[in-house]
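The values are calculated or read from the model by the stated rules, or taken from the named source; none is laboratory data. Here the structure is a predicted model, which means the values were calculated and not measured. Don't worry about glycine lacking a Cβ; one is built from the backbone with ideal geometry, like all the others, and counts go over all protein chains shown.
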Amino acid sequence: MSNIQRIMIVRTDSIGDVMLTLPVAYYLKQMFPKSEILFLGKSYTKDIIDRCLWVNRFVNSDDFQTSSEAEKMMSGLRLDAVVFALPDSFWMRAAHAASVPVRIATGHRFSSWRWATHRPMFGRKNSDLHESQLNLKLLSPLGFKVIPTLNELDQLNLLSFNAPDKKKRLIIHPFSQGSALNWSLEQYDELVGLLMNEDWEIVVSGTVKDQERLTNFAGVHLKSIPSVCGQFNLTAFIDYIAESEMLLACSTGPLHIAAAVGVKSVGLYVDRRPIHPGRWSPIGLQVFILQEKDQGQEQILIKPSEVATFLKTTMALPTTKL
């Protein structure tokens, strides 16, 4: 398949999922250095893809609502291969209708047997591999045989960013979309109270809708620190994270961004399949995971006092620059 010149990666879901798919773009570029790498994603992940050093073009999936529109777009691009990191049947059917020669998707989906030409057989839910490693297994039909170690993936330079002046700032991102267990706002509030005397800038981040939750929250400490909720678009938020020292969150998009730009990234996780850190931890050189045992809990149980102690110790560590 040495004649491949234009390859599309399809991942039409959340920021964290997209971040852990970016190594696919990196390794495709190493395999086919003269190729054009396209990434099909949702509108809200565009700024991530535009910052990726290994993607040549972002294609917005939200611009194509019908099957005929999707097929026409894929035909017009004259793609040589499509890698479905997310096996979306709508886009798999469109690639088939557009007669893309190489269409790769996991063999564990019925739609793959209908619409894909190559179907690597592997499962995700019970695998011991990290999500980024599982995504790379999709490249085996293109000749990619050896899955990198997590240490090797941590070394990858995936995003461009601007951070001229590093600030001793802790970003607390207490919100998530429900894909992982998290603390309650009361627990984040208690944590902030324990850190008020530190010589750091502490801010809370989130969306405009998150700011509404914060405004209606009855706690004292979390509302006493500056909020940047809804103040940035995603590309500006990437630079804001990059100039900070540390970010705390559960398994959510900003944690993955922080790891990619070399910020100390402290993640709250539960050792529960399939949401455990072995599958979903960020990749980067400054990742710190606080993992608790699975007790059937509905939210993170680790005490704010323990996290406060950990943050104080971690903040004092030197920062490794990419």
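Only one of these is farther than 30 Å from LEU255 by Cα, out of contact with any His (no Cβ under 6 Å at 6 or more places or on another chain) and surrounded by 22 or more Cβ atoms within 10 Å (Cβ to Cβ): ALA85, ALA81, ALA98. Name it. Give the derivation first.
Working: ALA85 fails: farther than 30 Å from LEU255 by Cα; ALA98 fails: surrounded by 22 or more Cβ atoms within 10 Å (Cβ to Cβ).
Every option except ALA81 fails the conditions.
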Would you be able to say whether some residue in region 101-108 is polar (S, T, N, Q) and in contact with a Pro (Cβ under 7 Å, 6 or more places away or on another chain)? yes
Can you tell me how many residues within region 271-322 are over 24 Å from the mean Cα position of the chain (by Cα) and charged (D, E, K, R)? 3
Among (1) buried (at least 16 other Cβ atoms within 10 Å of the Cβ); (2) within 24 Å of GLU243 (Cα to Cα); (3) at pLDDT 95 or above; (4) not β-branched (Val, Ile, Thr), which single condition is SER160 missing? (1)
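So how many residues does region 163-185 have that are surrounded by fewer than 17 Cβ atoms within 10 Å (Cβ to Cβ) and touching a residue at least 60 places away in the same chain (Cβ under 8 Å)?
First, the residues of region 163-185 that are surrounded by fewer than 17 Cβ atoms within 10 Å (Cβ to Cβ): 164-168, 177-179, 184.
Adding the requirement that they be touching a residue at least 60 places away in the same chain (Cβ under 8 Å) leaves 164-168, 177, 179, 184.
Number satisfying all stated conditions: 8.
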Considering every residue within region 65-74, establish whether at least one is surrounded by fewer than 18 Cβ atoms within 10 Å (Cβ to Cβ), charged (D, E, K, R) and farther than 24 Å from ILE48 by Cα. yes
For region 163-186, give me each residue that is polar (S, T, N, Q), within 17 Å of the chain's Cα centre (by Cα) and modelled with pLDDT of 95 or more. ASN182
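Given ASN126, ASN135, which one is over 26 Å from THR66 (Cβ atoms) and surrounded by fewer than 13 Cβ atoms within 10 Å (Cβ to Cβ)?
Details: ASN135 fails: surrounded by fewer than 13 Cβ atoms within 10 Å (Cβ to Cβ).
Exactly one residue qualifies, and that residue is ASN126.
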Subset of region 75-94 (residues that are under 25 Å from the mean Cα position of the chain (by Cα) and closer than 20 Å to LEU139 by Cα): ALA81, VAL82, VAL83, PHE84, ALA85, LEU86, PRO87, ASP88, SER89, TRP91, MET92
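Quick one: which of LEU247, LEU255, LEU222 is under 19 Å from ILE48 (Cβ atoms), touching a helix residue (DSSP H, G or I) at 6+ places or on another chain (Cβ under 6 Å), in contact (Cβ under 8 Å) with a residue 12 or more places away in the chain and of a type outside the set (Gly, Ala, Ser)? Explain how you work it out, then say what you get.
Numbers: LEU255 fails: touching a helix residue (DSSP H, G or I) at 6+ places or on another chain (Cβ under 6 Å); LEU222 fails: under 19 Å from ILE48 (Cβ atoms).
When all the criteria are applied, what remains is LEU247.
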Could you list, in sequence order, all residues of region 267-322 that are in contact (Cβ under 8 Å) with a residue 24 or more places away in the chain and of a type in the set (Ser, Thr, Tyr)? TYR269, SER281, SER305, THR314, THR319, THR320
TYR27 vs (1) more than 25 Å from PRO254 (Cα to Cα); (2) in contact with a helix residue (DSSP H, G or I) (Cβ under 8 Å, 6 or more places away or on another chain): all pass except (1)
Only one of these conditions is not met by ARG103: (1) within 24 Å of the chain's Cα centre (by Cα); (2) surrounded by fewer than 16 Cβ atoms within 10 Å (Cβ to Cβ); (3) not acidic (Asp, Glu). Which number is it? (2)
Do the conditions hold for TYR26, that is, is it at negative phi, surrounded by fewer than 19 Cβ atoms within 10 Å (Cβ to Cβ) and among the aromatic types (Phe, Trp, Tyr)? no
With respect to LYS303, determine if the residue is of a type in the set (D, E, K, R) and buried (at least 18 other Cβ atoms within 10 Å of the Cβ). no
Return the total of residues in region 225-281 being in a helix (DSSP H, G or I), hydroxyl-bearing (Ser, Thr, Tyr) and surrounded by 17 or more Cβ atoms within 10 Å (Cβ to Cβ). 1
I'd like to know if region 186-198 contains one or more residues that are surrounded by 16 or more Cβ atoms within 10 Å (Cβ to Cβ), in a loop (DSSP other than H, G, I, E, B) and not basic (Lys, Arg). no
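Each row is one residue, and each column tells you yes or no for (1) surrounded by 22 or more Cβ atoms within 10 Å (Cβ to Cβ); (2) touching a Cys at 6+ places or on another chain (Cβ under 8 Å).
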{"residue": "MET8", "(1), (2)": "yes, no"}
{"residue": "GLY16", "(1), (2)": "yes, no"}
{"residue": "PHE39", "(1), (2)": "yes, yes"}
{"residue": "LYS46", "(1), (2)": "no, no"}
For region 138-153, which positions are crowded, with 17+ Cβ neighbours inside 10 Å and assigned to a helix (DSSP H, G or I)? LEU138, LEU139, PRO141, LEU142, LEU153
